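Below is one structure, written out as structure tokens, with a few remarks after it.
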Amino acid sequence: MSSRIRDAEIFRGLDEEILAKIENSGVIRRFEKGDFVFFEGRPGDELFILLEGRIKLTKTSADGREITVKFLEPPENFAEIVLFESNRYPTTAQSVADSSIFCMTRGMLLRMIERPEFRNSFIAMLMKKQRYLAERILYLTSYDVEARFFMFLSENYGIHEHYKIELSKKDIASSIGTIPETFSRLITRLKEKGIIAWEKETLTLPDGFWDENGNEYL
């Protein structure tokens, strides 16, 4: 079994017999950059675990805007809620890098939940996701766009002076809860003030930026 599958939060602590059944019950699918895994509102009955690559989860707002819910990294699992509350996906999942995904059906997951050791881990994972969504709402309502941008940098790329940004500005805008036009104005303003330099995929911050602004953005 792939070590990435073993590392998935919902499978940690399971014995070899159960892990072998999980491996045999699912399939690994590969997606190229730009491919869609599923679309919001479409029916489905599978749980997914990202083994390699990166996945973007988005949701359409009431006014038609695309809002990024989260960028997923291996070995995160996603779409598990479709197995219980509804048979329709609540978000759209798109591969933003060449990705490999382990897929497990509703039937197998429900059989696994009959095992206490798996059920406890699964419930803990769902509670963690609930906390993430609550923190996401607080993040969007408590900080302005500039603060959200620098928090996005630190949370997704770490604390550095130089960054290689492969995401599009549209994706970043969606991730921090704003529209591309507002984000473009922010970047222009930060460049004019000398706070950032951004050429192609390279973003640079001044020496000591995080030391001076850590309390505000970290």
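The values are calculated or read from the model by the stated rules, or taken from the named source; none is laboratory data. Because the structure is a prediction, the values reported are computed rather than measured. Cβ: placed from backbone, ideal geometry, glycine included. Neighbour counts: every protein chain shown. Surface areas here come from the heavy atoms of the whole protein model, side chains and all, with no ligands, DNA or RNA. Shrake-Rupley method; radii C 1.70, N 1.55, O 1.52, S 1.80 Å.
Details
- Take every pair of alpha-carbon atoms less than 8 Å apart whose residues are at least six positions apart; their mean separation over the length of segment 1-85 yields a relative contact order of 32 percent.
- Estimated dipole of the chain in Debye, rounded to 20 [Cβ of Lys and Arg +1, of Asp and Glu -1, Cα centre]: 580 debye
- Take the Cα of R4, step 7 Å toward its Cβ, do the same at R42, and the gap between the two points is 2.0 nm.
- For segment 19-69, Kirkwood radius (reciprocal of mean inverse C-alpha pair distance, Å): 13.5 Å
- Which of L190, T204, P90, positive extreme of dipole for the chain (C-beta unit charges): P90
- Distance from the C-alpha centroid of segment 1-43 to that of segment 144-203: 32 Å, rounded to the whole angstrom.
- Segment 24-151 - charge dipole about Cα centre, Lys and Arg +1 at Cβ, Asp and Glu -1, debye rounded to 20: 220 debye
- Relative contact order [Cα under 8 Å, 6+ residues apart], the chain, whole percent: 21 percent
- Computed from the Cβ-Cβ distance with R0 of 35 Å, the FRET efficiency linking E201 to R111 stands at 0.20.
- Computed extension length for R29-D98: 23.7 nm, one decimal, from 0.36 nm per residue of separation with the Cα-Cα distance subtracted.
- Cα-based helix-to-principal-axis angle, 145-157 vs the chain, degrees rounded to 10: 50 degrees
- Each Cα pair of segment 19-145 feeds into the Kirkwood radius, which the Stokes-Einstein equation turns, at 20 °C and 1.002 mPa s, into a diffusion coefficient of 138 µm²/s.
- Taking the accessible area of the chain, probe 1.4 Å, and keeping the other protein chains in place, the carbon and sulfur fraction comes to 50%.
- Heavy-atom accessible area for R12, with the other protein chains in place and a 1.4 Å probe, reaches approximately 140 Å².
- Per residue, the accessible area of the chain comes to 55 Å² when a 1.4 Å probe rolls over the protein heavy atoms.
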